[in-house]
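Have a look at the structure below before the remarks.
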2 protein chains.
Amino acid sequence: MARVINFNAGPAALPLGALERAQKELLDIEGSGMSVMEHSHRGKVYEAVHNEAIALVKELMNVSDDYDILLLQGGASQQFAVVPMNLLAQGKSSDYVMTGAWSQKAYKEAKVLGTARVAGTTEKDKKFSRIPKQSELELDPNAAYVHITSNNTIFGTQFQEFPDTGTVPLIADMSSDIAWRPIDVSKFGLIYAGAQKNLGPSGLVVVIVRKDLVEAGRKDIPVIFQYRTHVENNSLYNTPPTFSVYMLRNVLSEVKANGGLSAMEKLNREKAGLLYEAIDARSDVFACPVDKDSRSFMNVVFTLKTPELETEFLAEAKKLKMEGLKGHRSVGGMRASIYNAVPREGVATLADLIKKFKA
Amino acid sequence: MARVINFNAGPAALPLGALERAQKELLDIEGSGMSVMEHSHRGKVYEAVHNEAIALVKELMNVSDDYDILLLQGGASQQFAVVPMNLLAQGKSSDYVMTGAWSQKAYKEAKVLGTARVAGTTEKDKKFSRIPKQSELELDPNAAYVHITSNNTIFGTQFQEFPDTGTVPLIADMSSDIAWRPIDVSKFGLIYAGAQKNLGPSGLVVVIVRKDLVEAGRKDIPVIFQYRTHVENNSLYNTPPTFSVYMLRNVLSEVKANGGLSAMEKLNREKAGLLYEAIDARSDVFACPVDKDSRSFMNVVFTLKTPELETEFLAEAKKLKMEGLKGHRSVGGMRASIYNAVPREGVATLADLIKKFKA
């Protein structure tokens, strides 16, 4: 079967070039006579892959030397706990901006480990269909940190501008929109992202953390959960998920070859524009529940007038080889996840179907 | 280049059939038009892989319904902390049998989290070159659990029989010898194993845990670290490392097709026998520092009379396409890791070199 148009929310579409390279090298990487999966994580072949992956994150995201880049396991869900374990000192409080299911999970873990406050939410008035404005946030100037989820896969919202938190470190779960465009990393104390949307396969989480936060981190927690452990060992304290790191390298090599994050942003804005324009133009059948200034460039959520129409729409999409358009089980409706690796032509095919469906 | 003879200690050799299957399916698994890495972890294609992997662990290791099988991230090093987080109740103490660097790391994490005792060690008299006997263990009958490392990759020792801990749950880090032969799982409270030796690539840890221990586990720790969270969600609470699970499925399918764990044991005993016999017969040049009744069937460590001879031996081995024979950086010498996937012929080539070297 030919490859389909993959709108999965994550794990998600990967660049074809990154997969083809992996396929070609699967039994023998660089004439070494073994798969990258069979190499020691302390050997030269893997070490080069590991360091190239880190260097590509640094280069593409323009990360300064004030930050360390870590390649860890456990996904963003584990970082929900590991962030407060490291950074929520005793007697301090942490601020959480609530924009959906993921920030709720992060907040819940922080409350197990210390004090966490809700510093803003759009749950009650708008069911998370928009991002709170700066003026709506009640930030604690003494907080250990402020936590946000930069993009919300389920509700289809995204921070267009990041909150100003003054001297309090801003921490962002960027799992679903890291590397979709250039950002100013220096505005953040810590960024973390599960790889399985814009960076690679699942099983890997990238953490970009300011060095002073690493140094100030708690030491009364297990060694394996201390950021400093992984900083001191270049993410080789224990065996890293070597194949996932290898795929991160392959994916970011493709991004770089295709013009880096500025080119990604241009492409992603075009892709999202095609869909939102088509949805808005077909208000007889389609609707996007998200406020215009909060709409995600990564996850385009929309509904049709009736469940029957949604079923019919999914069937039409399937005929055109589109997969993964069903919305998250908790909210229903449709969702097109259009991460970096989803080609423009695939998105155009979907926009075309929206334009023509029952027209 | 042809595939080499891979004696890496982990990540390590994988069955060629498991890799070839992955290569073939890399762009399109089961006619779905996408890579297994691009499938949703909640979709049918991945779900079938996930459940088959768990079923193969259960079948091959003959795990009863009294146990849950979990597929997690973070490796054995994370379990060093997660085990006491779950199972070391306040006011209780835990017992650790010290047989090398890995048990020392496990013990260190437990001490951060609660009370841990050394219940036996062979460090002082023998530098970990043998496994302590049952009579040498001082077990606390009120301990929360007894922890052992069943095989020690660095020192080349292995428990041939497991300690009798009475009613105290026995917990084993089996990272480097899980599935090398049939064992009686019912003797254990919990078994954990990083996948990267006998099971698959790195980035995945398999946990086999008795249901009553899951139920009794602490609830005052982050949700992500509670075994019950993963039991209740069939290891799909958060996104699993889908490609690593897929490779676990491929590897265990090969093991099953080749006769299961009884056939593995026969093969592994033959392989280890070839090497230990060759080393013992060449005491003019070679020596194995491990007591005979503690010798590992997975990691055969040995030394040569001088560093110059070791360098020469490694060069000869390289000519014969052997890789990964250098001992762990902390102890030096040689080490041949001969996990399930290392073919008999490769081991025979090494045994032959030992027989002929400087003869």
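Please treat every number below as a calculation from the coordinates, not as lab data. Just so you know, these numbers come straight off a predicted model, no measurement behind them. Positions of Cβ are backbone-derived with ideal geometry, glycine not excepted, and every protein chain shown enters the neighbour counts.
Structure above, values below:
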{"quantity": "Value of relative contact order over region A:149-198, rounded to a whole percent, pairs C-alpha under 8 Å and six or more apart", "calculated": "38"}
{"quantity": "Values of log10 I(q)/I(0), in the order q = 0.11, 0.16 Å⁻¹, for region B:289-359 under a Debye, Cα-only, solvent-free model", "calculated": "-0.26, -0.56"}
{"quantity": "Pairwise FRET efficiency - residue A:136 versus residue B:48, Cβ, R0 = 35 Å, nearest 0.05", "calculated": "0.20"}
{"quantity": "In region A:133-212, the GluC sites (Glu not before Pro) that fall in loop regions by DSSP, at most 16 other Cβ within 10 Å", "calculated": "A:138, A:161"}
{"quantity": "Other copies of residue B:64: label-to-label distances in nm, shortest first, labels 7 Å along the beta-carbon direction", "calculated": "6.2"}
{"quantity": "Other copies of residue A:292: label-to-label distances in nm, shortest first, labels 7 Å along the beta-carbon direction", "calculated": "8.6"}
{"quantity": "Inter-chain shielding of A:197-204 (mean C-beta neighbours from other protein chains, 10 Å cut-off)", "calculated": "5"}
{"quantity": "Packing rank of B:317-324, B:198-205, where each peptide gets the mean count of other beta carbons within 10 Å, highest leading", "calculated": "B:198-205, B:317-324"}
{"quantity": "In range of the label at residue B:90: residues from region B:200-226 whose backbone nitrogen is under 16 Å from the point 7 Å along Cα→Cβ", "calculated": "B:217-222"}
{"quantity": "Using a 7 Å Cα-to-Cβ projection, residue B:167 label spacings across copies, nm, ascending", "calculated": "5.8"}
{"quantity": "Table column - 3J(HN,Hα) (Hz), region B:139-154, Karplus curve with 6.51, -1.76, 1.60, x for Gly and Pro", "calculated": "8, 8, x, 9, 5, 5, 6, 10, 10, 10, 9, 5, 9, 10, 4, 7"}
{"quantity": "Descending Cα extents along the principal axes, the protein assembly as shown, whole Å", "calculated": "86, 56, 50"}
{"quantity": "Antiparallel content of DSSP bridges confined to the protein assembly as shown, in %, to 5", "calculated": "55"}
{"quantity": "Descending semi-axes in whole angstrom, ellipsoid equivalent of region B:16-257, from the Cα gyration tensor", "calculated": "33, 20, 15"}
{"quantity": "Inter-chain Cβ neighbour average for residues B:234-244, partner chain, 10 Å", "calculated": "6"}
{"quantity": "Two-decimal Rg/Rh across region A:237-347, once Rg and the Kirkwood Rh are taken from alpha-carbon atoms", "calculated": "1.06"}
{"quantity": "Isotropic mean projected area of the C-alpha convex hull, region B:158-310 (nm²)", "calculated": "12.2"}
{"quantity": "Under 13 Å, Cβ to Cβ, from residue A:160 - net charge with Lys/Arg +1 and Asp/Glu -1", "calculated": "+1"}
{"quantity": "Whether region A:128-220 is rounded, prolate or oblate, judged on the alpha carbon gyration tensor where a/c under 1.5 counts as rounded", "calculated": "oblate"}
{"quantity": "Pairwise centroid distance, computed over Cα atoms, of region B:65-95 with region B:286-336, Å", "calculated": "33"}
{"quantity": "Whole-Hz couplings from phi, Karplus 6.51/-1.76/1.60, listed for region B:196-205; x for Gly and Pro", "calculated": "6, 10, 9, 10, x, x, 6, x, 9, 10"}
{"quantity": "3J(HN,Hα) from dihedral phi, region B:66-77, Karplus parametrisation 6.51/-1.76/1.60, rounded to Hz, x for glycine, proline", "calculated": "6, 10, 9, 10, 10, 10, 10, 10, x, x, 4, 4"}
{"quantity": "Region A:1-153 - Kirkwood radius from inverse mean 1/r over Cα pairs (Å)", "calculated": "19.1"}
